[in-house]
Each structure stands twice: as C-alpha cells, then as structure tokens.
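Worksheet: one structure, shown below.
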Amino acid sequence: MQLVKTSSALLILFFCVFGTSAISRAQGSAFAKLDFGGNTYIEVPRNWTYLDQNLRKHLNTTGEAVTRLAGITQNPGENIVLVAGNAYTSFRTPSATLRLSVRRGESPTQTDMREVVKMPKDELAEMLAPVAEETKRVMIGVDGVKSAKAVDSRVSINEGLVCMFFEFESDTSDGVKLSQTYVCPLGNRSVKVSTSYRKSEAAMFRPVIEYVSKSLRVK
C-alpha cells in the first residue's frame, strides 16, 4: 500500500512539476552559471538560444495543456520555467533543448528520497514504472511524435541531491530524439531539469546535456 501511495505521489509530482536569475561569467568558459534566488544553480551553454519570459510562460501553459489532455488534471502547485534554451545546427528545428523549472507545493522530501534509494531494485522499478508509462503516453500525444519508448528509469544522486531520472527515445517528424528528465523533490517545492537532443547528433550534444544536468545545485 505504501508503495502505491509513493508511486502515485511521484507520478503527480513528475507531471505537475523564482523569479530573477543572476549570471556568473567565468572568463573564457563556454558555460554561464545561472543563480536563481541564491538557492538553485545550473550552468548552461552560452551559444544556445534562450526563450524570454513570455515564451517560457507559453511553454509552461502548453505543457500543462498536454498533461490535462492526457487525463492528468491534478495540480499540486504553481510551476515556473526558470530557463529554456534551444540549440540549432543545420536543421530548421532545435537539435537539442534544455528546460529548468520549479514547482512550488508539497512534495516528498530529500529524506523521503534517501529512503527510496534503499528500496530493493524490483520494488523501485515497480514504483517508477507507472511514471514511465504515463510519460510515454503523454509524449505520444504531442504533435509530431509517432512513438516513444523508455530507455532508462532510476533514482539518481548528484552531489547529495536525490532525483528521479527518466530517459526516452521517440520517433518524431524531425527524426529520432532522446529526452532526459530529472525530478528532484525538496519538500516544499520540486526542481525539474528536462533535456533532449536529436539522436543523430548525440556525439555533439550528449556531453553538453550531461554536463548541464550534473551542474544542478540546490540548497
């Protein structure tokens, strides 16, 4: 019963996951460190194209609409997209994307997540399976996505921060893409990092995506 409750809470958090950022510019670095309110930090590539606040709000609205259309209507708190960036190469559409968002509201704590880490692998897989399945269903509902499959689902620890991690491969009208999501519950809010890149350009973008995700720091 506890497993079902935990799985349901994480499922709602996953889908229904402050204001001003300061930029620390290390001279000569290809990355800029963003500081959100002194408690959330991430490094992002300087040469990507970033959405302004108005477009980030539209992005958030679209994301909620997609989940509601998929039948997920519970909303545990206000969601704010802190930064959203796209990378372009020779394609008209983005070759890679990154999104960092914070959802305010009650969520499992890091203490809860550290207990989750201790769960037997089969129980952990059972807990994460509904989240992965619903994610796949939502992805297929997005315009241009023909099919999607889960590649990886696990609990990840980054500098002591415990997060759920999911990776999917999707066949889209723009080619095959790999997408990754970290959801990090913090008790009174949750931090979510979503990234993606075109599979044919993995050699160029996978190291960048991994570096950005690992650079996340939350106090």
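The table for this structure:
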| read-out | value |
| --- | --- |
| Residues satisfying the stated conditions in the range 159-205, i.e. surrounded by 17 or more Cβ atoms within 10 Å (Cβ to Cβ) and of a type in the set (S, T, N, Q) | Ser170, Thr172, Ser179, Gln180, Thr181, Ser190, Ser194, Thr195, Ser196 |
| From Leu98, Leu82, residue being more than 18 Å from Asn188 (Cβ to Cβ) and surrounded by 20 or more Cβ atoms within 10 Å (Cβ to Cβ) | Leu98 |
| So Glu210, is it more than 21 Å from Val102 (Cβ to Cβ), at pLDDT 95 or above and exposed (fewer than 14 other Cβ atoms within 10 Å of the Cβ) | yes |
| Residue among Ser147, Ser156 that alone is surrounded by 13 or more Cβ atoms within 10 Å (Cβ to Cβ), outside any loop (DSSP other than H, G, I, E, B), at pLDDT 90 or above and at negative phi | Ser156 |
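The values are calculated or read from the model by the stated rules, or taken from the named source; none is laboratory data. Because the structure is predicted, anything quoted here is derived from the model rather than measured. So basically every Cβ, Gly included, is an ideal-geometry build from the backbone, and we count neighbours across all protein chains shown.
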